Structure formats: C-alpha cells, structure tokens
Amino acid sequence: MRSLKPIHVFVLGAILMMVGGLLVLSQSGTEVPAYLKPNQPVDRRVEDLLGRMTLKEKIGQLNLPCVYVSQLGNDIPTKMEGCRRFAAGTYTDEIGPGSGFFTLADTILQKGTLQQAEYFNDLQKIALTQTRLKIPLLEDEEGTHGAMFSGATVFPEGLAIGSTFDPDLVQSVYSASAQEARAVGIHMLSTLVMELDRDPRMGRNAEAYTEDPYLYSRLAESIVQGAQGDDVSAPDKVEAVLTDFPTQSEPVSGLERGAIELSERMLREDFLPPWNAGITKAGALGVMAGYPEIDDEPAHGSRKWLTEVLRQELGFHGLVESEGNGFQTLIDEGIVPTQKEAGALALRAGVDLDITYEPAYMGPLVQNVEEGRVPVSLVDRSVRRVLREKFRLGLFEHPYVDPQQALKIVHSQEHQDLALKVAREGIVLLKNEQDLLPLKKTLKSIAVIGPDADNGANQLGDYTSRKVLQPVVTILQGIKEKVGPQTKILYAKGSNVLGDDRSGFRDAVQGAKSADLAVVVVGEQFGRTESDNKERFATDGEGSDVASLDLTGVQEELVQAVSATGTPVVVVLINGRPLSVRWAAAHVPALVEAWEPGELGGRAVADVLFGDYNPSGRLPITIPRSAAQLPAYYDCKPSKVFWVQKGWSRNHGYVDMPSSPLYPFGYGLSYTQFQYSNLVIDSPQIRPGGNARVHVEVKNVGSRPGIETVQLYIHERFAPVSTAVEQLHGFQRVALDAGESKTVSFTLTPEDLMLLDLTMHWSVVPGTFDIMVGNSSANIQLRSTLEVKPGFETASF
C-alpha cells in the first residue's frame, strides 16, 4: 500500500474527527443538531444554533480580543495559555467561550509558519472538543500590505500601492495576502483602508492609498476581490475587513482620533464612494467602526452611520468590528459615563464584535440584558451575524489547516516576485535633470549615504509584523547587487532620521567627494527594527502625527552638504506620507519617490536607478510645498483655483510661497517620452442615461520602451451645485515600445457623470462636460466637450 502524502493524512484526520463526532452523537441516542448538518441552509443552521445558546455563550461570540491586550497576559507563554482558556470558555466566568482572536499570530507566534498553523489548529481543537456547542473560532489579523505575522510576505504599503495605478496588480497583492493568511488558519484580514488620504499629517494615513475617490474606488474593488474572491469558504480566501467607517482620515489638526468636521455633502461626494465600491459592488464582509466623532456623534454609537448608511444604504451584510478600545470613545467624548452604557449604545448602533477585551461586551452586557436595559434581540442580531460568517467561511466543516501546505504557500517565491513587482511599479520618478538617470553600471564609484540607505525596517511601513523573519533588501544592498566588482561602493549613514547629530556629515561628505555619484536616501522612520523587535520612536504610521511635512532632524542639511561637494546627487525618499522637500526639488538633479517599498524595496529602487526597470509610478496624492497648504488635494472647487491663480494678488496665491503644489496628483516621469493626439468622442451628444466612448492616441516618441498612465478628467460647466475643477474618471496603463502608438479608449457611464444635487441625490444633470486627457492633473494634453441633453431617460442613483 502506498503511503499517504501529508496533506492526505491531514484531510483524512479532519474527516475522521468530524465523522467521529457525529457518530458519538448518534450512538448516544441524540439526533445530530441541524447546525452540524452541512446540507442544511445556512439560515436554518444559524437559527438552530442560536436557539441552543445561553446568554453568556451568545455574548462570548461577540468577543474577538486583540492578543496584545494585558488582560490575556503580559508575556508570550502566559498569553498562549490565556488564549487556550479563552477558547475553552474557562478564562472568565463573565461570558462563554470566545468567538476567536485578533492579532494573535503577530503577537505570540513569532517562530514562523509551522508554529502558527499548529497553534491555530490546537485552538480549533479546543473549541471543537472542550466546549458544549463546538463552535469553531474566527481568527482575524491586520492585512494592510500583507498578512501581519512573522514570515509572511511584506508588500509595499499605502501610497506605494496607490502609485501603481494598477488594479489588477493590487488584486494580486491581496489575493496573495489572503492565501498566506488562510494557509496558517486566519480567516479575516483587517485594516484594508478605505479612507481618502486627505491630510498626510496624520501618521495613520500611511495605510491609505490615494487622495482621489475614483482611483480609490477602483482599488477598493480590487482589494476585496483579491481577498474574498467569489467564494470566501475557499482555502485561499479570507473576509475583507474595511477600515474605518465612515472615515477618520481628515481629522481636526491632522491629529489621530480628532473630530471629523466635514459636511455630509463632502462625506457623501468624496469619502463614501470607495466604501460603496468595496461593499455595494464588491461585497466586502467586514467593516471596522471609526474612532472619531462626526457631527458630534462618535461613530461607535452612531446608528445613522453604522445601520442607516452602512447597512440600509450601502447594503452591507457582514460584521462590524469595534476599533481598538473603541467603546472608550463614547466615554471620552462625554456621551456615557461607563463601559456598561457604552456597550448598550454601541450594540444598538450596530457594532457586532469587540476586538479589545473591553467590559462593554462582557459582564456588563450580560447585566444590561438581565436588567432589561438591552433587549436580548439586539444581542441575537449580532450573534446571528457572527455565526453566519463562520458558516459562510466553512469553518464548521473545515476548521483545520495543513501545516505542511502552509509552508509551501507562506512567503513563496511567487509572492516574493510579486512584492518586487509592486515595489517597482510604485516608484515615482519626480525629477531627472539632464537625464542623470538611469545610471551606468560601469561607474567607478558610488557613494550611498543617508539614514534610510541601509535600514530595512524603515522600508516596511506601518502594521508590519513584530518580528520579520526574512531578510529585507535595503537600498545599499540593492545597489551592491546591481553593479560589478569594478564599482566601488562607499557607504556613510550621515545622520539619523531624528535628532541634530551631525557627526556623520564628515564621512558622508568625504564619501561623496571620492565618488562619481552620490545616492542620498532620506525620509521617515518606522517603529521597530527587523532584527531586535524593539520599539523606537516612529515618525510615520499609526499614532505618529506631524505638524510639518519637511524632512525631520538634520536630513535636509545632510542633502545640502553632500550636494555642496559638486558630485551629482540622486535623492531617494523612503516615506509613508508626501514630504515637502522643496530644497531637494529645486537643487538636486534627480529625485526618486520610493515610498515604503517593502521587503524587496532596495532591489526595486536599484532596478529603477540603473534602468533595468523604466519607472512608471504616478503620484496618487498631491505633494504640497508645505503643510500650511493643506488641504492640497487636486479636485478642489473653482473658488480656490480662482483666488490662487487668477486673483488680485501679484503672487497668485500666498505672499510667501507659490500656491501650486510641489508635485501634482497623477504626476510621474519616465526614461522615455509620450505624445498624445486625436482625442475623439464617439457620441459627443448623449442623454442622461447614456454612455460616451472617448478615444485618444498615445505614442512613445522616446528611445526606450515604457509605460504611460493615461488619465481622463471631467468637469461639468454651470451645474446646480459647485463641482470640482476636474475629477479623475478613467485611467489606463499602456505599455509602448519606442516609436509605437496605441489607441486608448474609455467609457464614461452615467455613474461617472452624476453629481450630488441640491436634494442630496445622485443624478446626471444635463449640461456641458469638459473632457480632459493628460498625464497628470496639472498637465492636460487634449480637451474636448461632451453634451448631455435633456431626455426622458432617468439617471438617478
């Protein structure tokens, strides 16, 4: 008899365990309950199980605590045992067995894939054999730019992903992230951010992808499709948890958790479209409630936003999670005095799961029900949602994972290649005077300078695992890999990201003087090192808000000192937010925006610097000259454009600096050049319910193959409400060989042409639309008009 392969042994064992459980029930004379019968409809299984649960068991299913909380222990061994007991329902007598865990793998499973898969299997076995109702566990983990656990692939983050303008590639990133997560036993990926990056002072905006609603909407659809696919019960898919509803990204003063003082019109026009795309169109199954208050009502207690808008308007049918210590916001804002009242308010509003071990959804909620303050029907409503997702994920039939198969999936070569591809596509070439780039690999010497030149951790960004097991290719390493032994590499750190220590300037200047060229790598700092797992002060990421977008410490002085040597300088930026690098933009010949490019970012940067990859990234956000210009997003109202460009001031804006951005939305250079011609609209006159096809010819008039991102913007003249001067409503990446031409086509639908009218309804208002095509929001190459004529067709949304 041939021996069974490990995966077959694993599957056979799982089947035998399930069948054995059913046989025990049968032999004991007890009929198999409906909820354990796979052939029964999900709704019947949910109601059958719900009807068997005690109040404490129900409330146990509303708890998915972050394992980093101290309530589960203060060190890894204690937390590991605490999680086992919480799964079994023996950790506290306040509630029944817990629903599962959040950030478990990242917090306590830092030895790699095998440990993770085996421990999650161990927890599932506890839930299925040591609890009365045998309800499997739900495991959630952060997934901003890859599943956040040791050994998982670390993809580029936020604006690096947005800069690709490549929805198909983005879908691949979150598909790979889902594969790795589900392989070890994780069923949900959180912090898939749907918030416009409108105030980059807030550090958490490093997790966001763009300032633009249209681009964000296309990325939202790709993210959800990549993570969930068409069948979330598949062994390579997870539920996508979109963050944070309705928004927290443009707070007062740019400070995290600050109030959102935006009009409802602005929220609906600009901030809700990505949510609509991710939920209504793509079917996301998870949402996290936001921290801030909106119109004086904290999101965690807002029935308007969590039920009326989210569920009734957007059609959301999944789970709403709290933010970390989110119930506390109701107390901090002075809405209620205690966690007991906070839990009652949040449950009514529509929060289903607590992720932080707050009292709101534990003993005090039991008391609320027993005292008649909260109807049990509200508890049942959230428990139904939790159970439905567990059935939808197939956890009752397939609770375990195959550790050996997980080893083949997590950080596979395919996923590493994908991380490199994303990093390359996300790099934006901002300046290239006299074609300094690409560099020749035959240079005799290169000075590599700067605090981010040989710091892999700073390339990784926010929400990266506590312990990164794989090597991270730094920019210094990437350059060394690229050149031959004939090229001497001179390295000097020069300075730190923070502080005023200039003692390294001497070595940096000497290195630059001795080299043919200097690459200076500056930017921001992440909160951990990849080697020692120790916390350090971060300039970027959650909780790292800034008042200025200028380079921190003495980094700008370092760039100036190196430039003063007369050696040609290339500045490379490593950052999660746009930086107002005015001096570098004015004085250095080449400027490269690499963002936070992930574990293989150094290799990607080197590929761009030496021309093995022609840069194709485009800015998904406006880079201002100063934080004082904020908000600086491109799709502003006409009043701003009039006063800053055509007003009475001789400076056309501010007295002390130009009002224009340092670099505009959509901008990015290439090592070749492109020419636009022949803008044609098939039907220049349409009715409100009609479509319009727009065509433009693009030619590569340079000497290298390259990729151009063609961008289509629209503006309606003389609308009943003030509309943005231009709004992106189409983009395509087009690969062209030298001398090659292609026709790029767009379809404008009623959804593209609609506006939020005076009655706060979306509709297409007849009128004249400016159609603008170019390679950035500030460089429109061709213009035409589209007439929408009054007609009998309706086009309301």
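Here are some notes:
- The range 102-113, residues that are buried (at least 24 other Cβ atoms within 10 Å of the Cβ) and either of a type in the set (Asp, Glu) or touching a Gly at 6+ places or on another chain (Cβ under 6 Å) (or both): ASP106, THR113
- Of the residues screened, SER722 is not one that is in contact with a Phe, Trp or Tyr (Cβ under 9 Å, 6 or more places away or on another chain), of a type in the set (Ser, Thr, Tyr) and not in a strand (DSSP E or B).
- With respect to being on the phi < 0 side of the Ramachandran plot, at pLDDT 95 or above and open to solvent by 10 Å² or more (accessible area, probe 1.4 Å), GLN116 falls outside the description.
- Only one of the listed residues (VAL287, VAL309) is touching a residue at least 12 places away in the same chain (Cβ under 8 Å), outside any loop (DSSP other than H, G, I, E, B) and touching a strand residue (DSSP E or B) at 6+ places or on another chain (Cβ under 6 Å). That residue is VAL287.
- Scanning the range 726-746 for residues that are touching a Gly at 6+ places or on another chain (Cβ under 8 Å) and over 22 Å from ASN779 (Cβ atoms) yields nothing.
- Flag for ALA515 being surrounded by 21 or more Cβ atoms within 10 Å (Cβ to Cβ), among the small types (Gly, Ala, Ser) and in contact with a Ser or Thr (Cβ under 8 Å, 6 or more places away or on another chain): yes
- Screening the range 549-572 for residues that are touching a strand residue (DSSP E or B) at 6+ places or on another chain (Cβ under 7 Å), within 18 Å of SER445 (Cα to Cα) and not in a strand (DSSP E or B) and picking the one that is least open to solvent (accessible area, probe 1.4 Å) gives VAL562.
- The set of residues in the range 722-738 being of a type outside the set (Gly, Ala, Ser) and free of Cβ contacts under 8 Å to residues at least 40 places away in the same chain consists of GLN732, VAL734, ASP737.
- Unmet requirement for SER683, which otherwise passes all of (1) modelled with pLDDT of 95 or more; (2) farther than 14 Å from VAL744 by Cβ: (1)
- Qualifying positions in the range 459-508 - among the aromatic types (Phe, Trp, Tyr) and in a loop (DSSP other than H, G, I, E, B): TYR463
- Criterion violated by GLU211 - all others in (1) more than 20 Å from LYS281 (Cα to Cα); (2) in a loop (DSSP other than H, G, I, E, B); (3) touching a strand residue (DSSP E or B) at 6+ places or on another chain (Cβ under 6 Å) satisfied: (3)
- The range 595-613: number of residues that are part of a loop (DSSP other than H, G, I, E, B) and within 28 Å of PHE149 (Cβ to Cβ): 5
- Lone qualifier among SER302, SER253 - being closer than 22 Å to LEU64 by Cβ, free of Cβ contacts under 8 Å to residues at least 60 places away in the same chain and among the small types (Gly, Ala, Ser): SER302
- Condition broken by VAL232, with the remaining ones in (1) within 18 Å of HIS317 (Cβ to Cβ); (2) under 19 Å from the mean Cα position of the chain (by Cα) satisfied: (2)
- Pairs linking a residue in the range 693-704 that is open to solvent by less than 20 Å² (accessible area, probe 1.4 Å) to a residue that is outside any strand (DSSP E or B), with Cβ atoms under 7 Å and 6 or more positions apart or on different chains, are ASN700/THR672; ASN700/ASP737; ASN700/ALA738; ASN700/GLY739; ASN700/GLU740; GLY702/THR672; GLY702/GLN673; GLY702/ALA738.
- Tally, over the range 444-458, of residues that are open to solvent by less than 40 Å² (accessible area, probe 1.4 Å) and either over 24 Å from ALA538 (Cα atoms) or part of a helix (DSSP H, G or I) (or both): 5
- Residue count, the range 424-436 (criterion: surrounded by 23 or more Cβ atoms within 10 Å (Cβ to Cβ), part of a loop (DSSP other than H, G, I, E, B) and not β-branched (Val, Ile, Thr)): 0
- Residues of the range 219-240 satisfying the condition of being outside any loop (DSSP other than H, G, I, E, B) and either out of contact with any strand residue (DSSP E or B) (no Cβ under 8 Å at 6 or more places or on another chain) or of a type in the set (Phe, Trp, Tyr) (or both): LEU219, GLU221, SER222, GLN225, GLY226
- Residues within the range 472-503 that are surrounded by fewer than 21 Cβ atoms within 10 Å (Cβ to Cβ), touching a residue at least 24 places away in the same chain (Cβ under 8 Å) and not basic (Lys, Arg), tallied: 14
- Residue count for the range 121-176 satisfying the condition of being more than 30 Å from TYR214 (Cβ to Cβ), in a loop (DSSP other than H, G, I, E, B) and among the small types (Gly, Ala, Ser): 3.
- Criterion applied to VAL546, VAL522, VAL592 was being out of contact with any Ser or Thr (no Cβ under 9 Å at 6 or more places or on another chain) and either touching a residue at least 40 places away in the same chain (Cβ under 8 Å) or assigned to a helix (DSSP H, G or I) (or both), and the one residue passing it is VAL592.
- Reported count of residues in the range 318-351, each being over 19 Å from PRO375 (Cβ atoms), open to solvent by 60 Å² or more (accessible area, probe 1.4 Å) and touching a residue at least 40 places away in the same chain (Cβ under 8 Å), is 1.
This table checks each residue for (1) within 21 Å of ALA360 (Cα to Cα); (2) not charged (D, E, K, R).
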| position | (1), (2) |
| --- | --- |
| TYR68 | yes, yes |
| GLY73 | yes, yes |
| ARG85 | yes, no |
| ILE95 | yes, yes |
| ASP106 | no, no |
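- Filtered by the rule that a residue be open to solvent by 10 Å² or more (accessible area, probe 1.4 Å), of a type in the set (D, E, K, R) and closer than 29 Å to GLY301 by Cα, the range 218-257 gives GLU221, GLU250, GLU256, ARG257.
- Among (1) open to solvent by less than 70 Å² (accessible area, probe 1.4 Å); (2) out of contact with any Gly (no Cβ under 7 Å at 6 or more places or on another chain); (3) assigned to a loop (DSSP other than H, G, I, E, B) - the single one VAL655 does not satisfy: (1)
- Applying the criterion of at least 3 residues that are among the polar types (S, T, N, Q) and either open to solvent by less than 50 Å² (accessible area, probe 1.4 Å) or under 30 Å from SER163 (Cβ atoms) (or both) to the strands (runs of 3 or more DSSP E) found wholly in the range 728-797 leaves 741-748.
- Positions within the range 205-217 being open to solvent by less than 10 Å² (accessible area, probe 1.4 Å) and in contact (Cβ under 8 Å) with a residue 60 or more places away in the chain, in sequence order: ASN205, ALA206, GLU207, TYR209, THR210, GLU211, ASP212, LEU215, TYR216, SER217
The values are calculated or read from the model by the stated rules, or taken from the named source; none is laboratory data. What you are looking at is a predicted structure, and each value in this text was computed from that prediction instead of being measured. Methodologically, a virtual Cβ is constructed for each residue, glycine included, from the backbone with ideal geometry; neighbour enumeration extends over all protein chains shown. Side chains included, ligands, DNA and RNA excluded: accessible areas come from the protein's heavy atoms. Shrake-Rupley method; radii C 1.70, N 1.55, O 1.52, S 1.80 Å.
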